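So the structure is just underneath, and the comments pick up after that.
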Amino acid sequence: MSAETSPVVLITGASTGIGKAVANLFADKGWRVAATMRDPAKGGDLAARQGVAVLPLDVTQAASVAAAVAATLERFGRIDAVVNNAGYGLFGPFETASEELIARQFATNVEGVFAVTRAVLPTMRSQGSGTIINVASLGGLISLPFFSLYAATKFAIVGFTESLSFELAPLGIRAKYIAPGGVSTDFAGRSLATTVGQGENPYAASLGKVMAATGARRSNYSSPELIAEVIYTAATDNTGRVMYLAGPDAEQAYSLQRTLSEADRLAMLRQHAGL
């Protein structure tokens with residue numbers, strides 16, 4: 001396969017973590033890669049890789065989405081897969097979340113996926129092929145305390161992707177989602193915002209317990225590279241499969257959810273969260 005005929009993937013949020021691991025893996029596999037991020041200066045070693053274009057893309061800005069897709073097509077001529085990875089977590093009590101925080105969470109994690117997907121569909125329809133891969137979360141299948149808004153966005157992505165898969169299949173386009181469990185990235189730092197501001201926090205006791213329980217599990221998280229392997233499988237397995245669990249913890253938790261009664265499942269989640 002020559003460089004001119006190799007498939008093309010557009011990845012959002014490719015500056016760090018899962019997105020960067022995905023960009024490197026696809027490039028290693030011979031794909032041409034549009035590695036997009038809000039600040040291309042953070043592209044680092046990706047920019048030096050042959051067949052990789054580091055492009056600016058803010059998924060919350062319509063003009064930025066259109067420009068990134070146009071630049072990808074100008075550089076590579078086609079788009080065979082899209083990995084909607086850009087997003088961040090919002091942690092804390094729902095009651096203390098401002099309208100601005102809620103709007104920003106949905107603008108990035110949900111509306112951004114909508115915008116990028118809508119922008120690439122005309123190209124994929126004209127090609128008669130393509131794969132849209134949305135990075136959801138185990139938190140889009142199983143909710144945890146103090147992640148209500150993040151869970152709302154990821155549950156939305158799960159439902160959106162499954163429904164989309166039906167309407168796109170007759171056009172030769174696949175829609176899939178990835179549900180990672182815990183991942184060893186900077187999600188708890190740069191990519192995690194909190195709803196708790198200044199002043200009294202009536203949820204402080206419970207919040208502290210959940211934070212302690214979450215911190216104790218970090219050593220069992222999966223690497224970004226493992227999640228990238230699952231994403232690559234989704235892009236290349238040529239099946240109608242829609243859901244891809246990613247990471248041993250995601251597989252175990254989802255299996256338990258499907259076998260336990262509701263009472264037992266909720267009790268397990270409370271224990272898991274330290275409550």
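The values are calculated or read from the model by the stated rules, or taken from the named source; none is laboratory data. Keep in mind that this is a model prediction, so the values were computed, not measured. Every residue, glycine as well, gets a Cβ built from its backbone with ideal geometry; the counts of neighbours run over all protein chains shown.
Summary of values
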read-out: Every residue from region 1-35 that is free of Cβ contacts under 8 Å to residues at least 40 places away in the same chain and in a strand (DSSP E or B); value: 33, 35
read-out: Strands (runs of 3 or more DSSP E) contained in region 81-173 and holding at least 2 residues more than 12 Å from the chain's Cα centre (by Cα); value: 89-91, 130-135
read-out: Test: residue in region 158-171 that is of a type outside the set (S, T, N, Q) and on the phi > 0 side of the Ramachandran plot; value: no
read-out: Test: residue in region 40-57 that is at positive phi, at pLDDT 95 or above and not hydroxyl-bearing (Ser, Thr, Tyr); value: yes
read-out: Restricting region 2-20 to residues that are modelled with pLDDT under 95 and over 18 Å from residue 87 (Cβ atoms), the residue that is surrounded by the fewest Cβ atoms within 10 Å (Cβ to Cβ); value: 2
